[in-house]
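In what follows, a single structure is set out as structure tokens and then discussed.
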């Protein structure tokens with residue numbers, strides 16, 4: 001059997017395979033292949049290119065198929081969808097993957113290594129805890145509001161003032177002893193969550209200290225251990241991007257374009273790609289803009305003067321995105337060319 005491209009529609013338990021030859025003719029259709037049967041079945045096939053959507057467990061399967069001697073390429077699901085014919089089902093999805101794989105201009109996603117997935121898992125758990133902490137603080141403020149007690153916004157305010165506020169509310173008979181015990185339990189839960197987040201911050205700092213690429217990235221202003229490790233976890237090989245602008249576009253930090261008939265129209269940033277990394281870069285850039293805005297122009301270097309002028313012309317938000325875009329390009333240079341960061345005079 002002449003097999004050139006094999007498309008695999010991944011699932012938890014039931015997989016669908018579709019294979020084509022060099023002319024694009026279907027030579028293999030295998031449906032309802034159980035999970036424990038996949039590796040044994042694929043191992044007996046001629047060595048070819050295997051295409052899969054970049055989704056849950058795709059990096060694991062890519063590593064397993066590469067061990068068998070196959071060349072594996074992952075495709076973003078949004079690039080596969082246009083090739084799905086008529087109704088969506090597993091068979092049509094596998095066929096669409098084959099169609100997308102045969103396009104010369106197709107863009108692929110690099111599979112993650114186990115080390116990258118380890119770092120990413122730490123970030124995922126930390127991100128969940130941060131979200132849970134925010135939800136907990138909102139719950140505390142909301143429940144207190146039902147008793148006519150208003151706490152200032154901000155996690156630090158809740159940490160510092162909650163004990164005193166509920167004591168005062170108890171003295172004024174706004175809450176009962178049962179309610180006081182409830183809020184003390186919530187305060188203890190908040191402190192426990194803070195400790196868990198700190199433990200994951202320590203893990204991230206340990207990873208950053210032991211990873212040479214992460215240590216180089218943290219030299220960039222606005223890029224800390226969390227941002228550096230998150231980028232290393234998401235981008236294994238920076239050479240998949242032609243230049244820094246492609247990397248910034250992958251993160252959604254370049255203008256969205258809606259041009260036609262020779263008329264160029266640039267809109268706001270596209271916000272494509274990894275939301276988590278883009279948010280980290282934006283937060284880091286916001287600190288740079290705030291710090292630079294407090295400096296006297298005579299004490300600023302060329303880069304800081306550019307940022308102050310941009311902030312005056314275009315506003316804080318656009319300046320923040322511009323700094324995040326610039327940092328993304330710097331990150332690509334340091335990763336792709338194995339260079340150290342050099343401060344602008």
- Query: Mind checking whether some residue in segment 55-62 is on the phi < 0 side of the Ramachandran plot, touching a helix residue (DSSP H, G or I) at 6+ places or on another chain (Cβ under 9 Å) and without any contact (Cβ under 8 Å) to a residue 24 or more places away in the chain?
  - Reply: yes
- Task: Tell me which residues, restricted to segment 294-308, are free of Cβ contacts under 8 Å to residues at least 12 places away in the same chain, in a helix (DSSP H, G or I) and over 18 Å from residue 220 (Cα atoms).
- Result: 297, 298, 299
- For segment 153-178, name all the residues that are over 40 Å from the mean Cα position of the chain (by Cα), surrounded by 14 or more Cβ atoms within 10 Å (Cβ to Cβ) and in a helix (DSSP H, G or I). 169, 170
- Given (1) farther than 19 Å from residue 127 by Cα; (2) free of Cβ contacts under 8 Å to residues at least 60 places away in the same chain; (3) part of a helix (DSSP H, G or I), where does residue 245 come up short, assuming only one miss? (2)
- Out of 12, 29, sole residue that is part of a strand (DSSP E or B), loosely packed, with under 15 Cβ neighbours inside 10 Å and in the same structural domain as residue 90 (by TED's automatic domain parsing): 29
- Item | Of all residues in segment 56-77 being modelled with pLDDT of 90 or more and out of contact with any strand residue (DSSP E or B) (no Cβ under 7 Å at 6 or more places or on another chain), the one that is surrounded by the most Cβ atoms within 10 Å (Cβ to Cβ) | 59
- Query: Quick check, is residue 53 farther than 26 Å from residue 208 by Cβ, surrounded by fewer than 17 Cβ atoms within 10 Å (Cβ to Cβ) and either in contact with a strand residue (DSSP E or B) (Cβ under 9 Å, 6 or more places away or on another chain) or in the same structural domain as residue 196 (by TED's automatic domain parsing) (or both)?
  - Reply: no
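Quick grid of which residues meet (1) in contact with a helix residue (DSSP H, G or I) (Cβ under 7 Å, 6 or more places away or on another chain); (2) assigned by TED's automatic domain parsing to the domain that holds residue 141; (3) within 29 Å of residue 75 (Cα to Cα):
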{"residue": "197", "(1), (2), (3)": "yes, yes, no"}
{"residue": "203", "(1), (2), (3)": "yes, yes, no"}
{"residue": "237", "(1), (2), (3)": "no, no, yes"}
{"residue": "248", "(1), (2), (3)": "yes, no, yes"}
- The listed residue being modelled with pLDDT of 80 or more, surrounded by 13 or more Cβ atoms within 10 Å (Cβ to Cβ) and not in a helix (DSSP H, G or I), out of 291, 341: 341
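The values are calculated or read from the model by the stated rules, or taken from the named source; none is laboratory data. This is a predicted model, so every value here is computed, not measured. We place every Cβ from the backbone using ideal geometry, glycine too, and count neighbours over all the protein chains shown.
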